[in-house]
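Chemist: Please see the structure below; I have some questions.
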Amino acid sequence: MAELDVIKVDATGLDCPMPLLKAKRALNSMRIGQKLCVLATDQSSVRDFRVFAEQSGHLLLDSHEAEGVYRYLIEKR
C-alpha cells in the first residue's frame, strides 16, 4: 500500500482518551484494508491501542516510541 493510502491522525499533546477517540473516528470513515497512522504523546496510549486492537478486531501492525512520540499503524478490518 502506498504511503498516500495511509490516513494520518496527529494526536500529539492530547491526553487519554482523545488519541484513541480520534483514531476510532478516523477508522469509522475508512475502507477495510486501509491503514491508519496515529501519533500520540500520551504514555497510556500504548496500552489503550493494544487493547483496542484486540477488542475491535483491527490489526495493530506497528507500535513504537521515539523521542516521546508513540506511533501506531493500524489496518482496518
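What follows draws every value from the coordinates through simple rules; no lab data is involved. Predicted model only: the values in this text are computed from it and were never measured. Neighbour counts are summed over all protein chains in view; Cβ atoms, including those assigned to glycine, are modelled from backbone coordinates with ideal geometry.
Chemist: May I ask you to compute the full-extension gain from Leu21 to Asp62, defined as 0.36 nm times their residue separation minus their alpha-carbon distance, rounded to one decimal in nm? If you can, show how the numbers build up before the last one.
Modeler: Values: separation 41, 0.36 × 41 = 14.76 nm, distance 1.85 nm.
Computed gain between Leu21 and Asp62 is 12.9 nm.
Chemist: Further question on the same structure: With charges set only on the Cβ (+1 for Lys and Arg, -1 for Asp and Glu), what does the dipole of the range 3-75 come to about its Cα centre, in debye to the nearest 20?
Modeler: 300
Chemist: Find the centroid of the Cα atoms in the range 6-24 and in the range 36-77, then give the distance between the two in whole Å.
Modeler: The two parts, judged by their Cα centres, are 9 Å apart.
Chemist: Let me ask something else about it. If all Cα-Cα distances of the chain are sorted into 5 Å bins from 0 onward, what percent lands in each bin, rounded to whole numbers?
Modeler: All Cα pairs, binned at 5 Å, distribute as 3, 17, 32, 27, 15, 5, 0 percent.
Chemist: Give the angle, between 0 and 90 degrees and rounded to the nearest 10, that separates the Cα long axis of helix 45-56 from the longest principal axis of the Cα atoms of the chain.
Modeler: Approximately 30 degrees, to the nearest 10.
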